[in-house]
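Below: one structure, written as structure tokens.
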């Protein structure tokens, strides 16, 4: 380990480490720096932030807070949207299949969840799978989610019309459930890959 080096020398070595060893996140970069210098975590972090402000190195947003394994990512708060989507999807299917239409006032829960299930979730999960990053703002994402859901439901009905099951409630619910689950799973996998594949980059 080296000590009593100037700030410029430390910054130069840090940029070289990022270029050559390509650490996956801030923690790994700090560990690599401590292999060479007698510096605390806070001191190294100051150098990292300074170089990032100057545009010398770049870390993708939330990279240092993203678990590297998919199983860990799915247990993190970043995957909460996935579990909310799956919960609403399963709850809707359960209510539709078990709750009679004349079960007042619980039937309103059936109407509300059914509307979300048909008019929102299929398109929302498909858009999440197609655009896992922040390419779209909230308004664009909401509009596309609604539009895609309105397109998916008739297509499912059209395809079912040419099957032995026909256009009935049970086949439609099962088909939309399977599509939503598939799109959501593809979306969470792509989202995790996007957040973990971009390593810190040195620009100078």
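The values are calculated or read from the model by the stated rules, or taken from the named source; none is laboratory data. These figures come from a predicted structure and were not determined experimentally. Methodologically, a virtual Cβ is constructed for each residue, glycine included, from the backbone with ideal geometry; neighbour enumeration extends over all protein chains shown.
Things worth noting here:
- Single condition residue 174 does not satisfy, out of (1) surrounded by 14 or more Cβ atoms within 10 Å (Cβ to Cβ); (2) at positive phi: (2)
- Applying the criterion of being part of a helix (DSSP H, G or I) and modelled with pLDDT under 75 to the residues of the range 189-201, the residue that is farthest from residue 84 (Cα to Cα) is 197.
- Which numbered condition residue 133 fails, given (1) out of contact with any helix residue (DSSP H, G or I) (no Cβ under 8 Å at 6 or more places or on another chain); (2) part of a loop (DSSP other than H, G, I, E, B); (3) in contact (Cβ under 8 Å) with a residue 12 or more places away in the chain: (1)
- Conditions (1) in the same structural domain as residue 176 (by TED's automatic domain parsing); (2) surrounded by 17 or more Cβ atoms within 10 Å (Cβ to Cβ); (3) free of Cβ contacts under 8 Å to residues at least 24 places away in the same chain; number of the one not met by residue 33: (1)
- Residues located in the range 76-119, provided they are modelled with pLDDT under 90 and within 30 Å of residue 192 (Cα to Cα): 76, 77, 78
- Qualifying positions in the range 165-183 - part of a helix (DSSP H, G or I) and more than 19 Å from the chain's Cα centre (by Cα): 169, 170, 171, 172, 173, 174, 175, 176, 177, 178
- For residue 186: the one exception among (1) at pLDDT below 95; (2) assigned to a helix (DSSP H, G or I); (3) within 21 Å of the chain's Cα centre (by Cα): (1)
- Set 48, 127: member being in a helix (DSSP H, G or I), farther than 30 Å from residue 156 by Cβ and touching a residue at least 12 places away in the same chain (Cβ under 8 Å): 48
- Residue match in the range 92-102 (condition: under 18 Å from the mean Cα position of the chain (by Cα), in a helix (DSSP H, G or I), buried (at least 16 other Cβ atoms within 10 Å of the Cβ) and assigned by TED's automatic domain parsing to the domain that holds residue 181): no
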